[in-house]
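Visitor: Structure below; questions to follow.
The values are calculated or read from the model by the stated rules, or taken from the named source; none is laboratory data. Not measured: the values here are computed from a predicted model. Heads up, the Cβs are rebuilt from the backbone with ideal geometry, glycines too, and the neighbour counts pull from every protein chain shown.
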Amino acid sequence: MNNSFDILFEPIAIGPVTAPNRFFAVPHATGHGWNQPSGAIALRGMKAEGGWGTVAVQITEISPDTDMANHPMERIWDDGDIPRHAAQVEAIKKHGSLAAIELGHGGMRARNITSGEPVLGPSALPVLRPEVPIQAMAMNLNDIALFREKHKAAAIRAKRAGYDILYVYAAHDLSLLSHFLSVRTNRRDDVYGGSFENRIRLLREVLQDTLEVAAGEQAVALRFSVAEPGVKNGLTHDGEGRDVVEALAELPDLWDVNISGWPNDSKTAQFSLEGYQLPYTDFVKSVTTKPVVGVGRFTSPDLMVSLVKKGRLDLIGGARASIADPFLPTKIREGRTDEIRECIGCNICVSMDSYGLPIRCTQNPTISEEWRSGWHPEGPAISKNRRSHLIIGAGPAGLESAVTLLKAGQHVTIAEAREEAGGRVIREAKLPGLASWKRVVDHRLQILSQSADADLFLNSRLSANDLAEFDADTIVLATGAHWRRDGVGSTNFQPIDFDNKKVWTPDDVMDGSVELDPGSTVVVYDDDHFYMASAITEQLSQTGCKIIYATPMPTIATWTDQTLEQAAIIERLVGLGVALFPNTKLNPDLSFKNTLAGQPQNIEQADLVFVGARQPDNRLSLEPGQFTTKKPVLQAGDCVAPGIIQAAVLSRHTIARKILNEHELPTDKLRDQIPVL
């Protein structure tokens, strides 16, 4: 190990327990929850195996009156839940890590759709999701006393399950304790409302209750959001957020601090840099003598060391970073920092929460497959049969396929038609705010460059005959896709004849081939509805032209709501002077229609950038009668069905593992007789 990193591996006392190092896998949703315990247990056990000294469980509902509906949380409602938690504790402690549980009550964020219980809150107000037609019940003093008893009972059950750290949760505007603290949601006029001392009363009482249960045997952590940036009357780190820390400074054994709400706490790389929360949380260490853990998408070991040495944090928190690379601590300890799979801040992991699904990751295709598929993030075991594999395309999918095969002791040859490896990622990373995405390519190229069993050939466009003549046991097509310019998109499946009018695509913008007249008006038409149109719009705003963003959807960059970016994207585009036209349909003559009014939308433009569907680049797989020798050809990812980068990486990883698991590949069949995988 590099001696300069020694401080990260020092044991650190957290109340009555001791963490083996300073790496702290903080609570985060996994999408498995109480009803898929095996997946959650394996995922967290993998983090412990990877060297995270403390591994925490996500929000764990303490009772049926905090049912988060479609968001699969953990539960510790009654004694029947204890065995599941005990198994989780065992999986974490097996590798010498501390096990922590985040006990929580969702308050006005709960739905209670399945439990049928009234939603609880400090005041009689609608729940904190405007689109949900449910209102919270104002808790009376008996309700508050009952809540405290339920929290204590949950803490007792967590203690019996064997957890080392018991969390009190008051963060992210997702906690009943936060709602009592906030002047926005607490409109009471009794001892639990009004003054700051009254509003903090319940949080103080629950902390004291939990310390009583722990009885000096478990540590008690307080997870608290010190600021709510952008929220009217929200907490601030130099106002009541600081006041809370000062008032409770020495009560908990550990402070786990962050900012609220979730779009702030989990900002994407497009809108934040590593360590972006530090300006808000730095003050905490000056207020308390207790250890402090914080987050900020930390992936740089040098920054981690600096944070500890300068007294800004005691423990390095990781949620997304621990998802992207569960073995980040081990790689630092073993001096393999160049092998770290750095989080790119794309929030695909976050997007799964909206659907109540197990998390996925662009960088780590094995996440959530640890139990179901037996996948390990550091690669499959060495294959008994050493074979050679030709991979066409050095984009994220092709590189992932190559790395997976290489780690199993296979020989791989990658042929890339372009002069630079990376495919769509290397091109998209040059768009505003997406530079961190290059890590997807850099990580995999680093692994390939260190092996004599990997050959990468650039500027190598191959034909079907070339594939047949190449001496390889398998051929993997990873040729990607290109953006269509014929009007086909998510809301229009009928190609449009634009009658030779000038229509550009994202590929044209990324290639630098768009020619615009100075001062002209350009319409970026978004019928893709993820990040591409907004990134293209921002890029073109630098040309000095007037830029208009139009979309047939009622919202801007619709799917970015799942990645918590939508509000930030709108704010940025408005700040750039971009005119936004939702509910605007493109006509074949390049005019527009307002879909709400059913009337023409008056937009004048000289150029149109159409962001719609993509066309698979599957030329090689479709060339008939070209194979002179019989070879298995497998394909997946964008060259079969264009999608997000994470899906392409996962599909290629799956294909590579299938190749490794095949005892005999079907070498006696032609390509068109083999299922496309």
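Visitor: Quick one: which of GLY379, GLY409 is in the same structural domain as GLN635 (by TED's automatic domain parsing) and on the phi > 0 side of the Ramachandran plot? Working first, answer last.
Guide: Working: GLY379 fails: in the same structural domain as GLN635 (by TED's automatic domain parsing).
Going through GLY379, GLY409 in turn, the sole match is GLY409.
Visitor: Tell me whether segment 249-263 contains one or more residues that are in a helix (DSSP H, G or I), touching a residue at least 24 places away in the same chain (Cβ under 8 Å) and assigned by TED's automatic domain parsing to the domain that holds ALA19. Steps first, please.
Guide: As a first pass, look at segment 249-263 and keep what is in a helix (DSSP H, G or I): 262-263.
In the following step, the residues that additionally are touching a residue at least 24 places away in the same chain (Cβ under 8 Å) were identified as 262-263.
Retained after the next criterion (residues that are assigned by TED's automatic domain parsing to the domain that holds ALA19): 262-263.
Yes, that holds for at least one residue.
Visitor: Right, another one. State whether the residues of segment 176-184 include one that is under 27 Å from LYS47 (Cβ atoms) and not aromatic (Phe, Trp, Tyr).
Guide: yes
Visitor: Looking at segment 505-521, which of its residues are crowded, with 18+ Cβ neighbours inside 10 Å and either within 25 Å of LEU458 (Cα to Cα) or modelled with pLDDT of 95 or more (or both)?
Guide: THR505, PRO506, VAL509, MET510
Visitor: Among the residues of segment 307-315, is there at least one that is touching a helix residue (DSSP H, G or I) at 6+ places or on another chain (Cβ under 6 Å) and part of a helix (DSSP H, G or I)?
Guide: Among the residues of segment 307-315, at least one is touching a helix residue (DSSP H, G or I) at 6+ places or on another chain (Cβ under 6 Å) and part of a helix (DSSP H, G or I), which makes the answer yes.
Visitor: Take the conditions touching a Pro at 6+ places or on another chain (Cβ under 7 Å), of a type outside the set (Val, Ile, Thr) and not assigned by TED's automatic domain parsing to the domain that holds GLN270 and apply them to SER368. Does it pass? Don't jump to the end; show me each part of the working.
Guide: Working: touching a Pro at 6+ places or on another chain (Cβ under 7 Å): yes; of a type outside the set (Val, Ile, Thr): yes; not assigned by TED's automatic domain parsing to the domain that holds GLN270: yes.
Yes; evaluated as a whole, the condition is true for this residue.
Visitor: When you scan segment 465-473, do you find a residue that is surrounded by 20 or more Cβ atoms within 10 Å (Cβ to Cβ), assigned by TED's automatic domain parsing to the domain that holds LEU660, among the small types (Gly, Ala, Ser) and not in a helix (DSSP H, G or I), even just one?
Guide: Residues of segment 465-473 surrounded by 20 or more Cβ atoms within 10 Å (Cβ to Cβ): 467.
Narrowing further to those that are assigned by TED's automatic domain parsing to the domain that holds LEU660: 467.
Now drop any that are not among the small types (Gly, Ala, Ser), which leaves none.
No, segment 465-473 has no match at all.
Visitor: For the list (1) in contact with an Asp or Glu (Cβ under 9 Å, 6 or more places away or on another chain); (2) of a type outside the set (Ser, Thr, Tyr); (3) farther than 30 Å from ALA215 by Cβ; (4) free of Cβ contacts under 8 Å to residues at least 24 places away in the same chain, I need the number of the one condition that VAL127 fails.
Guide: (1)
Visitor: Acidic (Asp, Glu), farther than 26 Å from MET73 by Cα and in contact with a Ser or Thr (Cβ under 7 Å, 6 or more places away or on another chain), is that true of GLU240?
Guide: No, not satisfied.
Visitor: I would also like to ask the following. Which one is nearest to the chain's Cα centre (by Cα) among residues in segment 408-427 that are assigned to a helix (DSSP H, G or I) and crowded, with 20+ Cβ neighbours inside 10 Å?
Guide: Going residue by residue through segment 408-427, those that are assigned to a helix (DSSP H, G or I) are 423-427.
With crowded, with 20+ Cβ neighbours inside 10 Å added as a condition, the list becomes 423-426.
Details: GLY423: 22, ARG424: 20, VAL425: 17, ILE426: 20 Å.
Applying the filter and picking the extreme gives VAL425.
Visitor: Kindly indicate the residue of segment 337-358 that is more than 8 Å from the chain's Cα centre (by Cα) and in a loop (DSSP other than H, G, I, E, B) and also farthest from ASN35 (Cα to Cα) among those meeting that condition.
Guide: ILE340
Visitor: Another question, if that's okay. Would you be able to tell me the number of residues in segment 240-266 that are out of contact with any strand residue (DSSP E or B) (no Cβ under 6 Å at 6 or more places or on another chain) and either among the aromatic types (Phe, Trp, Tyr) or modelled with pLDDT under 95 (or both)? So that I can check it myself, show each step before the final result.
Guide: First pass over segment 240-266, keeping only residues out of contact with any strand residue (DSSP E or B) (no Cβ under 6 Å at 6 or more places or on another chain): 240, 242-251, 261-264, 266.
With the extra rule that they be either among the aromatic types (Phe, Trp, Tyr) or modelled with pLDDT under 95 (or both), the set shrinks to 261-264, 266.
So the answer is 5.
Visitor: For segment 533-582, name all the residues that are assigned to a helix (DSSP H, G or I), of a type in the set (Ser, Thr, Tyr) and surrounded by 21 or more Cβ atoms within 10 Å (Cβ to Cβ).
Guide: SER534, THR537, SER541, THR560
Visitor: If ARG444 passes every condition in (1) surrounded by fewer than 19 Cβ atoms within 10 Å (Cβ to Cβ); (2) assigned to a helix (DSSP H, G or I); (3) within 30 Å of the chain's Cα centre (by Cα) but one, which one does it miss?
Guide: Among (1) surrounded by fewer than 19 Cβ atoms within 10 Å (Cβ to Cβ); (2) assigned to a helix (DSSP H, G or I); (3) within 30 Å of the chain's Cα centre (by Cα), ARG444 violates only (1).
Visitor: Now a separate question. Return the residues of segment 368-396 that are surrounded by fewer than 18 Cβ atoms within 10 Å (Cβ to Cβ) and not in a loop (DSSP other than H, G, I, E, B); say none if nothing qualifies.
Guide: SER388
Visitor: Among the residues of segment 308-318, write down those that are surrounded by 24 or more Cβ atoms within 10 Å (Cβ to Cβ) and either over 20 Å from PRO11 (Cβ atoms) or among the hydrophobic types (A, V, I, L, M, F, W, C) (or both). Before the answer, list the steps.
Guide: Within segment 308-318, the first condition is being surrounded by 24 or more Cβ atoms within 10 Å (Cβ to Cβ), and the residues that meet it are 313, 315-318.
Result: LEU313, LEU315, ILE316.
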